[in-house]
Structure formats: structure tokens, C-alpha cells
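The values are calculated or read from the model by the stated rules, or taken from the named source; none is laboratory data. Given the structure is predicted, the values throughout are model-derived calculations rather than measurements. Counting neighbours? That spans all protein chains shown, and the Cβs are built from the backbone with ideal geometry, glycine included.
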């Protein structure tokens with residue numbers, strides 16, 4: 001454990017005059033997460049999402065990264081969250097439904113999921129679709145636990161999609 005990094009001072013409103021005049025470099029112990037997908041998927045999270053998800057485990061306080069897989073014909077759950085997502089397609093092809101709008105994608109494409117937009121991802125190809133998702137959830141969690149996620153109620157996914165057609 002890197003005590004210097006882990007003991008970052010927290011400031012309050014009354015401490016405004018204590019803001020340092022220059023940035024301080026704080027180097028965490030871990031700067032590398034080797035073989036992310038080989039380390040194994042996060043089973044609880046993956047089972048809730050209905051597809052494999054692998055967390056990139058690095059000490060970022062503002063962004064997160066995950067790698068997701070969708071088998072041929074598979075879709076993620078319809079869901080929404082209070083954080084932004086930029087998704088980069090590593091391999092495969094399919095589409096995402098974002099707030100009722102169908103956005104087709106293939107390997108090499110990137111897409112944006114806005115805050116609180118209902119969405120799901122679907123693999124239409126013959127092989128596995130893999131994507132890298134970058135999100136600002138840690139920033140919102142560190143600002144007071146405001147990174148929230150909501151799954152569409154089972155049996156009501158069509159109702160959610162129908163709201164936007």
C-alpha cells in the first residue's frame with residue numbers, strides 16, 4: 001500500500017484558502033492491470049447484466065473501464081444510469097437502442113450513452129461482440145454517491161422502449 005497516495009487530504013468549504021498553488025504528483029502503487037480478461041469476469045455483476053463483464057482494476061478516482069462480451073444474438077438488459085458512457089467496439093457487430101433510437105455498430109466504432117438514457121446492446125453477428133466501456137461513475141461516487149443505475153423492470157422492457165417510438 002502506498003501511504004502517501006492513500007492518505008490524500010480531504011478539503012471542506014472552510015479550507016478554500018488551503019488549495020495548493022501547484023499540483024502534487026501522487027503515484028499509486030499500482031499503475032498496471034495485466035491480462036484483464038484472463039483475470040476473470042465479475043460474476044455477480046455479469047449475472048445481473050446477463051453477459052460477461054470484466055473490470056479494469058486501476059486506482060482512478062474519476063473514470064472506470066470495463067470490457068463486456070455479448071454472444072451471438074445476445075442482448076444486455078435494458079437499463080439507465082446517472083453517469084456517461086463512451087463505448088468502443090473491439091470486435092463484432094450489432095446495435096444499441098439508446099432512448100428509443102437504434103444505433104448500429106461494428107468493430108472500430110465508438111458510441112456515446114448519455115446520462116439517464118434507457119439503453120441496451122445487442123450482438124447481431126455470428127461471433128462474440130466485445131466492447132470497452134469508459135464511464136465517469138467513480139467521479140460521481142466520490143462526489144457523494146450519485147452514480148446510480150436502474151434496470152428496466154422484468155416484463156416492462158417493451159414499455160420502456162415503447163415510450164420513445
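If I filter the range 81-90 for residues that are under 23 Å from residue 39 (Cβ atoms) and more than 13 Å from the chain's Cα centre (by Cα), do I get at least one hit? The answer is yes, given that some residue of the range 81-90 is under 23 Å from residue 39 (Cβ atoms) and more than 13 Å from the chain's Cα centre (by Cα).
May I ask you to verify whether residue 28 is part of a loop (DSSP other than H, G, I, E, B), more than 26 Å from residue 151 (Cβ to Cβ) and out of contact with any helix residue (DSSP H, G or I) (no Cβ under 7 Å at 6 or more places or on another chain)? Working first, answer last.
Working: part of a loop (DSSP other than H, G, I, E, B): yes; more than 26 Å from residue 151 (Cβ to Cβ): yes; out of contact with any helix residue (DSSP H, G or I) (no Cβ under 7 Å at 6 or more places or on another chain): no.
Judged against the criteria, residue 28 is not a match.
Please work out which residue is nearest to the chain's Cα centre (by Cα), limiting yourself to the range 8-33 and to residues that are at pLDDT below 85 and surrounded by 10 or more Cβ atoms within 10 Å (Cβ to Cβ). If we take residues in the range 8-33 being at pLDDT below 85 and surrounded by 10 or more Cβ atoms within 10 Å (Cβ to Cβ), then 8 is nearest to the chain's Cα centre (by Cα).
Answer yes if at least one residue in the range 104-120 is under 30 Å from residue 10 (Cβ atoms), more than 17 Å from the chain's Cα centre (by Cα) and surrounded by fewer than 19 Cβ atoms within 10 Å (Cβ to Cβ), and no otherwise. Can you show your working first?
Restricting attention to the range 104-120, the residues satisfying the condition of being under 30 Å from residue 10 (Cβ atoms) are 115-116.
Next, from what is left, pick out any that are more than 17 Å from the chain's Cα centre (by Cα): none.
The answer is no; no qualifying residue exists.
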